[in-house]
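> Got a structure for you, questions after.
The values are calculated or read from the model by the stated rules, or taken from the named source; none is laboratory data. Given the structure is predicted, the values throughout are model-derived calculations rather than measurements. Virtual Cβ from ideal backbone geometry, glycine too; neighbours counted across all protein chains shown.
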């Protein structure tokens, strides 16, 4: 929700440039992290973004992510009416209306395209869904003696 809303409304890595928080009362001087890109670059096998208005898509993504081996990441955009909303003169209704009118579903968009830009609209969807060995599986292969790797038919 673009700030640390449960602990007083401090600026977060996702706080938009210029947005006001308790720790950035004149506006955040930094651009926000692109969380889907960060997750993708960290090796996530599943990456998606939805708002709380896109409940069916969100539920489907949660189910897929829970069944996906490896690291999955879902960014969920939700309004923060008390801290973020009040400081930035934004009501819950305004935020929900924005989510309805200015979000664009673009499945398979490359994570580098997913910066949150409230002027042009926010891209939602499932962006990454790949198969890859998990960290545990890769570590097991590294630690397995060479003879056992050959017997198992692995490298």
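> Sort through 48, 19 and tell me the only one that's part of a loop (DSSP other than H, G, I, E, B), touching a helix residue (DSSP H, G or I) at 6+ places or on another chain (Cβ under 8 Å) and under 29 Å from residue 86 (Cα atoms). Please lay out each step first, then the result.
Details: 48 fails: part of a loop (DSSP other than H, G, I, E, B).
On inspection, the qualifying residue turns out to be 19.
> Sort out which residues of the stretch 1-16 are touching a strand residue (DSSP E or B) at 6+ places or on another chain (Cβ under 7 Å), within 20 Å of residue 91 (Cβ to Cβ) and part of a loop (DSSP other than H, G, I, E, B), and write them in order of number.
Within the stretch 1-16, 9, 15 qualify.
> Hey, another quick one. Could you give every pair whose Cβ atoms fall below 9 Å, whose first residue belongs to the stretch 52-63 and is free of Cβ contacts under 8 Å to residues at least 24 places away in the same chain and at negative phi, and whose second residue is surrounded by 11 or more Cβ atoms within 10 Å (Cβ to Cβ) and in a loop (DSSP other than H, G, I, E, B), counting only separations of at least 6 or pairs across chains?
Every condition considered, the pairs that remain are 58/52.
> Show the residue pairs that are 6+ apart or on different chains and have beta-carbon atoms under 6 Å apart, the first residue being within the stretch 129-150 and surrounded by 10 or more Cβ atoms within 10 Å (Cβ to Cβ), the second being outside any helix (DSSP H, G or I) and at pLDDT 90 or above.
Going by the 6 Å Cβ cut-off, the qualifying pairs are 129/46; 130/45; 132/45; 134/69; 134/70.
> Turning to a different aspect of this structure: Quick check on my filter: what residues within the stretch 25-45 are surrounded by 20 or more Cβ atoms within 10 Å (Cβ to Cβ) and not in a loop (DSSP other than H, G, I, E, B)?
Within the stretch 25-45, 36, 39, 40 qualify.
> OK, next. How about the stretch 72-112: which of its residues are surrounded by 15 or more Cβ atoms within 10 Å (Cβ to Cβ), without any contact (Cβ under 8 Å) to a residue 40 or more places away in the chain and closer than 15 Å to residue 130 by Cα?
72, 73, 74, 109 - these are the residues of the stretch 72-112 that are surrounded by 15 or more Cβ atoms within 10 Å (Cβ to Cβ), without any contact (Cβ under 8 Å) to a residue 40 or more places away in the chain and closer than 15 Å to residue 130 by Cα.
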